[in-house]
Amino acid sequence: MKKDILLIEDNQDDIELTLDAFQQGGNADRLLTFRDGVDALDYLFADKAPAPIPTLILLDINLPRKSGLEVLTELREEPRTQLIPVVMLTSSNREEDQITAYNSGANSYVCKPLDFNRFVEVTEQLVSYWTKTNMAPSNSPIPSHA
């Protein structure tokens with residue numbers, strides 16, 4: 001069964017690079033792309049027909065209209081999406097961004113490699129780990145213990 005992976009990325013070159021990496025890596029999963037955080041959240045939080053819960057979200061930090069860190073915060077506040085693994089896949093190697101991302105609930109933080117072959121390798125490893133190796137709970141919220 002194919003798994004939905006969301007890529008939230010505003011740079012068209014990086015979108016194409018990721019799509020190429022998926023194709024070259026032989027990844028059978030479905031990659032859905034959104035160019036800004038507002039559109040991605042609208043898709044995930046649609047009122048009438050909620051979108052299928054993705055298996056993984058690859059999220060850039062620097063996005064128009066709503067930053068990746070704001071998107072991450074909203075994902076973690078919503079019970080329906082709070083358990084989805086989120087990998088910050090970004091060009092920022094700033095320690096401040098890394099700390100903020102982890103404090104906001106990121107599961108992983110990866111700087112995009114500049115070399116295409118290395119990018120393909122990293123993308124394959126990320127997707128394989130989060131969709132095949134990792135034992136994720138169901139996407140239902142974790143019950144709270146009062």
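The values are calculated or read from the model by the stated rules, or taken from the named source; none is laboratory data. If you're wondering where the values come from, they're calculated on a predicted model, not measured in any experiment. FYI the Cβ positions are ideal-geometry reconstructions off the backbone, even for glycines, and counts take in every protein chain you see. What goes into the accessible areas is simple: the full protein's heavy atoms, side chains included, and nothing from ligands, DNA or RNA. Shrake-Rupley method; radii C 1.70, N 1.55, O 1.52, S 1.80 Å.
Selection of the stretch 77-100 for residues being open to solvent by 40 Å² or more (accessible area, probe 1.4 Å) and either over 20 Å from D4 (Cα atoms) or touching a Ser or Thr at 6+ places or on another chain (Cβ under 7 Å) (or both) yields E77, S91, N93, R94, E95, E96, Q98, I99, T100.
The set of residues in the stretch 71-85 that are in a loop (DSSP other than H, G, I, E, B) and not aliphatic (A, V, I, L, M) comprises E78, P79, R80, T81, Q82, P85.
For (1) closer than 19 Å to N11 by Cβ; (2) part of a loop (DSSP other than H, G, I, E, B); (3) at pLDDT below 90; (4) of a type in the set (V, I, T), each residue gets a yes or a no:
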{"position": "T33", "(1), (2), (3), (4)": "yes, no, no, yes"}
{"position": "D39", "(1), (2), (3), (4)": "yes, no, no, no"}
{"position": "K48", "(1), (2), (3), (4)": "no, yes, yes, no"}
{"position": "L58", "(1), (2), (3), (4)": "yes, no, no, no"}
{"position": "I61", "(1), (2), (3), (4)": "yes, yes, no, yes"}
{"position": "L69", "(1), (2), (3), (4)": "yes, no, no, no"}
{"position": "V87", "(1), (2), (3), (4)": "yes, no, no, yes"}
{"position": "E96", "(1), (2), (3), (4)": "no, no, no, no"}
{"position": "I99", "(1), (2), (3), (4)": "no, no, no, yes"}
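Within the stretch 12-25, none of the residues are modelled with pLDDT under 85, out of contact with any Asp or Glu (no Cβ under 6 Å at 6 or more places or on another chain), charged (D, E, K, R) and within 16 Å of T131 (Cβ to Cβ). Screening the stretch 107-120 for residues that are in contact (Cβ under 8 Å) with a residue 40 or more places away in the chain and closer than 17 Å to L7 by Cα and picking the one that is most open to solvent (accessible area, probe 1.4 Å) gives K112. A search for C-beta distances below 7 Å between a residue of the stretch 83-104 that is over 16 Å from L63 (Cα atoms) and any residue that is in a helix (DSSP H, G or I), counting only pairs 6+ apart in sequence or on different chains, returns I84/L75; P85/W130; S104/L69; S104/L72; S104/T73; S104/R76. From the list N134, N103, the lone residue that is surrounded by fewer than 17 Cβ atoms within 10 Å (Cβ to Cβ), modelled with pLDDT of 95 or more and farther than 20 Å from T18 by Cα is N103.
Taking the condition more than 16 Å from D4 (Cα to Cα) and at pLDDT below 85, does V127 pass? Against the criterion (more than 16 Å from D4 (Cα to Cα) and at pLDDT below 85), V127 does not qualify.
Residues of the stretch 57-71 that are surrounded by 24 or more Cβ atoms within 10 Å (Cβ to Cβ) and either farther than 17 Å from K112 by Cα or of a type in the set (K, R) (or both): V71 alone.
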